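All remarks here apply to the structure that follows.
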Amino acid sequence: MAYDVKLIGAKLRRWENYLKSFQLPQWNELPDMDLYMDQVVMLLQRYLNFLPEDEHGNAAITASIINNYVRLKIMPPPVKKKYTRVHMAYLIIVCSLKQSVNIPYIQKMLPLGLPEAEVRRIYEEYVKTHHDMCLAFIQLVRAAGDDVLHDPQAQSVDVERLVYSSAIVSGFSKLLTEKMVHLEGATWDGQPESEVGLKRR
């Protein structure tokens with residue numbers, strides 16, 4: 001793979017500045033009035049403007065995607081075609097998580113039928129964790145991409161190494177998420193973990 005190191009370095013610095021200031025809306029910042037679908041889509045596209053278009057150039061959040069989430073029972077259905085603050089919380093979590101977690105795991109992490117107070121608790125914790133992980137990710141990229149960011153002699157191979165590093169971290173993160181979700185409700189049996197612990201359920 002061939003990369004323009006200066007271009008990549010500039011993009012990384014721009015993305016770092018973006019992530020430093022990015023924050024999902026707090027619960028009290030979500031609309032407290034019921035919304036129609038077009039309003040929901042507009043707000044979600046603003047809240048989650050870091051989500052990329054798909055390979056066909058389609059927006060990451062559309063009315064059809066939201067309708068599919070309702071049909072598949074990933075989120076509560078609207079009431080008389082209107083969406084509440086609870087719906088917005090579900091959608092923000094689902095749409096941001098689905099970049100790295102398969103839908104069945106998201107359903108286990110955020111099941112249907114929760115009372116509003118519990119949805120609020122989960123959402124507020126998610127917002128805090130999301131911001132914390134943005135800052136942690138900045139440090140990870142700085143460490144993995146130090147040559148690209150600071151070495152004027154950096155080569156395309158240094159960018160390639162950063163790409164591989166990012167993909168590997170993503171893979172291990174996905175494995176850990178799935179393992180932890182599978183362990184929900186399980187108890188320690190006193191047996192030592194296998195050395196390939198990530199592979200075991």
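Taken together, the values in this text are just the output of simple stated rules run on the coordinates, not laboratory data. What you are looking at is a predicted structure, and each value in this text was computed from that prediction instead of being measured. Heads up, the Cβs are rebuilt from the backbone with ideal geometry, glycines too, and the neighbour counts pull from every protein chain shown.
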### Query
By counting other Cβ atoms within 10 Å of each Cβ, how are Glu160, Glu16 ranked from fewest to most?
Glu160, Glu16
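Contact order normalised by length for the chain, with contacts defined as Cα pairs under 8 Å and 6 or more residues apart; what percent is it?
Across the chain, relative contact order equals 29 percent.
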### Query
On average over all directions, what projected area in square nanometres does the range 5-182 have, based on the convex hull of its Cα atoms?
11.2
### Task
Please give the length that would be gained between Leu7 and Val157 if that part of the chain were fully extended, namely 0.36 nm times their separation in residues minus their C-alpha to C-alpha distance (nm, one decimal).
52.6 nm
### Task
Find which of Ser166, Met88, Leu7 sits farthest along the positive direction of the dipole of the range 5-182, computed with +1 on the beta-carbon of Lys and Arg, -1 on that of Asp and Glu, about the Cα centre.
Met88
### Query
Put +1 on the Cβ of each Lys and Arg and -1 on the Cβ of each Asp and Glu in the chain; which of Leu176, Asn68, Gly57 then has its Cα farthest toward the positive end of the dipole?
Asn68
### Message
From the helices alone, meaning DSSP H stretches of at least four residues, give me the mean residue ellipticity at 222 nm for the chain, per-run term -39500 (n - 2.57), in deg cm²/dmol to the nearest 500.
### Response
-19000 deg cm²/dmol
### Query
Once the Cβ-Cβ distance between Arg142 and Ala63 is put in as r, and R0 is 45 Å, what FRET efficiency do you end up with, to the nearest 0.05?
0.70
### Task
Would you work out which of Met109, Ala143, His130 lies farthest towards the positive end of the dipole of the range 76-167? Charges go on Cβ: Lys and Arg +1, Asp and Glu -1.
Met109
### Query
Regarding the range 81-131, what whole-number volume in Å³ per residue does the convex hull of its Cα atoms give?
87
#### Entry: Size of charge dipole - the range 5-182 - debye, nearest 20, with Cβ of Lys, Arg +1 and Asp, Glu -1, no other charges
400
### Query
With +1 on each Lys and Arg Cβ and -1 on each Asp and Glu Cβ, how big is the dipole of the range 40-82 about its Cα centre, in debye rounded to the nearest 20?
480
#### Entry: When each of Lys98/Lys179; Lys20/Lys174; Lys6/Lys128; Lys128/Lys174; Lys73/Lys98 is checked by Cα-Cα distance, pairs over 26 Å
Lys6/Lys128
### Query
In what order do Phe172, Phe137 fall by count of nearby beta-carbon atoms within 10 Å, going from fewest to most?
Phe172, Phe137
### Efficiency of FRET between Asp34 and Asp189 - r from beta-carbon atoms, R0 45 angstrom, step 0.05
0.40
### Query
What size of dipole, in debye to the nearest 20, comes out for the range 121-173 about its Cα centre when the only charges are +1 on Lys and Arg C-beta atoms and -1 on Asp and Glu C-beta atoms?
200
### Task
Quickly work out the Tyr18-to-Ser100 label distance, labels modelled 7 Å from Cα along the C-beta direction, and quote it in nm with one decimal.
1.6
